[in-house]
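Chemist: Take a look at this one; I'll ask things after.
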Amino acid sequence: MSTITVTNIKATGETASRAVLGIAPVWINFNGTGTPSTTKSQNTSSITDNGTGQYHVAITNAMADANFAALGSVIGDSTGTNRVYALVASRDANTTTRISINTAEANAGSTRDWTHISAAVLGDLA
């Protein structure tokens, strides 16, 4: 594979360019119920289920350091209507090769598995 080094990038059909630094080097969408399974992802290799609403997502190509921003959301099915109930938060310390995720129901304040969990990392790759 070849490497192209750029400062800014613009996708075909876009009118504005953006800094490469602003592109998420790691992201994942997965089903967190039962045995967690990845729907789509970039730069992740596996999900570890650590209990109800608790996951570790392995990062394939390491981050430069563990001081990256991790963010996300969850969507679940309640009374037949999909609604966003809680945000994805770090359960314990992230590392350069792992995102720690804890999902909870906002109203109840307790951890919970969700059918659609999305997380992204913003920061520099090593």
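The values are calculated or read from the model by the stated rules, or taken from the named source; none is laboratory data. Quantities reported herein were computed from a predicted structural model and do not represent experimental measurements. Here the Cβ is made from the backbone with ideal geometry for all residues, glycine too, and neighbour counts use every protein chain on show. When the accessible area is computed, the model is the full protein with side chains, heavy atoms only, and any ligands, DNA or RNA have been set aside. Shrake-Rupley method; radii C 1.70, N 1.55, O 1.52, S 1.80 Å.
Chemist: Identify the residue in segment 40-57 that is under 30 Å from Asn8 (Cβ atoms) and assigned to a strand (DSSP E or B) and, among all such residues, is most open to solvent (accessible area, probe 1.4 Å).
Modeler: Lys40
Chemist: Within segment 61-79, which residues are of a type in the set (S, T, N, Q), touching a residue at least 24 places away in the same chain (Cβ under 8 Å) and in a loop (DSSP other than H, G, I, E, B)?
Modeler: Within segment 61-79, Asn61, Asn67 meet the criteria.
Chemist: Pairs under 8 Å by beta carbon, first residue at pLDDT 75 or above in segment 1-24, partner basic (Lys, Arg) and not in a loop (DSSP other than H, G, I, E, B), six or more apart or different chains?
Modeler: As it stands, the answer is Asn8/Arg18; Ile9/Arg18; Lys10/Arg18, since those pairs meet every condition given.
Chemist: Considering only residues that are at pLDDT below 60, basic (Lys, Arg) and not in a loop (DSSP other than H, G, I, E, B), which ones fall in segment 80-116?
Modeler: Correct list: Arg83 only.
Chemist: Here is a further query. With respect to the numbered conditions (1) of a type in the set (Gly, Ala, Ser); (2) assigned to a strand (DSSP E or B); (3) modelled with pLDDT under 90, which one is the sole condition not fulfilled by Ala119?
Modeler: Evaluating Ala119 over (1) of a type in the set (Gly, Ala, Ser); (2) assigned to a strand (DSSP E or B); (3) modelled with pLDDT under 90 leaves (3) as the failure.
Chemist: When the residues of segment 1-39 are narrowed to those that are among the small types (Gly, Ala, Ser) and under 17 Å from Asn102 (Cα atoms), which ends up least open to solvent (accessible area, probe 1.4 Å)?
Modeler: Gly32
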